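K.L.:
Before anything else, here's the structure in question.
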Amino acid sequence: MSSGDLAIALFEACRERGIMLATAESCTGGMIIAAMTDIAGSSAVVDRGFITYSNEAKMDMLGVSAATLDAHGAVSRETAIEMAKGALGRSRAGLTLAVTGIAGPGGGSLEKPVGLVWFGVGVAGGTVTAEHRLFADKGRDFIRRETVAHALELGLRALDEA
């Protein structure tokens, strides 16, 4: 399924449940919320998107702790969880999608290679979960597009499980 189709499916799932959506995006720079707002009528389900590319933005806008960033780095399970929690706490959303990763072409390391992305998913009144993917290093655009699609899939899965 394409990102556009996934966005429509997530839009419909949120609308049916009366749930608003917020994103907390780093490596995608707003592409997830853009996929949602490409849909006519998206204001029925889209609350806001936090674009938190820098560590300072993650701390200021989402409340990610400096201690977490120091201990685990921006691209980590812990940061993704704090991003998703922060978006829940700073919005009217019932579902939040957070992404933080290394889209390349530079910036990777042996421990955190280009293509590593951590995803955080928050559901109001539920738990915040996280998972990661290591996308093939087929260029920045490829990694970012795959990240958007996977985040939308995770949102659908979270609503199905809620």
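The values are calculated or read from the model by the stated rules, or taken from the named source; none is laboratory data. These numbers come from a predicted model, not from an experiment. Virtual Cβ from ideal backbone geometry, glycine too; neighbours counted across all protein chains shown.
Residues are listed down the side, and each one gets a yes or a no for (1) buried (at least 20 other Cβ atoms within 10 Å of the Cβ); (2) modelled with pLDDT of 95 or more; (3) assigned to a loop (DSSP other than H, G, I, E, B):
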residue: Met1; (1), (2), (3): no, no, yes
residue: Asp5; (1), (2), (3): no, yes, no
residue: Glu12; (1), (2), (3): no, yes, no
residue: Ala24; (1), (2), (3): yes, yes, no
residue: Gly29; (1), (2), (3): no, yes, yes
residue: Ala35; (1), (2), (3): yes, yes, no
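K.L.:
Just wondering, is there one or more residues in segment 59-81 that are buried (at least 24 other Cβ atoms within 10 Å of the Cβ), aliphatic (A, V, I, L, M), closer than 22 Å to Gly104 by Cβ and out of contact with any helix residue (DSSP H, G or I) (no Cβ under 7 Å at 6 or more places or on another chain)?
P.N.:
Yes, segment 59-81 has at least one match.
K.L.:
Then there is this: Test Val64 against the stated conditions and say whether it is in contact with a Lys or Arg (Cβ under 7 Å, 6 or more places away or on another chain), closer than 29 Å to Ala44 by Cα and among the hydrophobic types (A, V, I, L, M, F, W, C).
P.N.:
yes
K.L.:
If a residue counts only when it is over 19 Å from Thr147 (Cβ atoms) and among the acidic types (Asp, Glu), which helices (runs of 4 or more DSSP H) contained entirely in segment 41-110 have at least 3 such residues? Quick ask: steps written out before the conclusion?
P.N.:
Numbers: elements: 55-62, 66-72, 77-89.
Where helices (runs of 4 or more DSSP H) fall fully within segment 41-110, none carries at least 3 residues being over 19 Å from Thr147 (Cβ atoms) and among the acidic types (Asp, Glu).
K.L.:
Report every pair of residues separated by at least 6 positions or lying on different chains whose Cβ atoms are under 6 Å apart, first residue within segment 120-142 and within 22 Å of Leu10 (Cα to Cα), second outside any helix (DSSP H, G or I) and of a type in the set (Ser, Thr, Tyr).
P.N.:
Correct list of pairs: Val121/Thr129; Gly122/Thr96.
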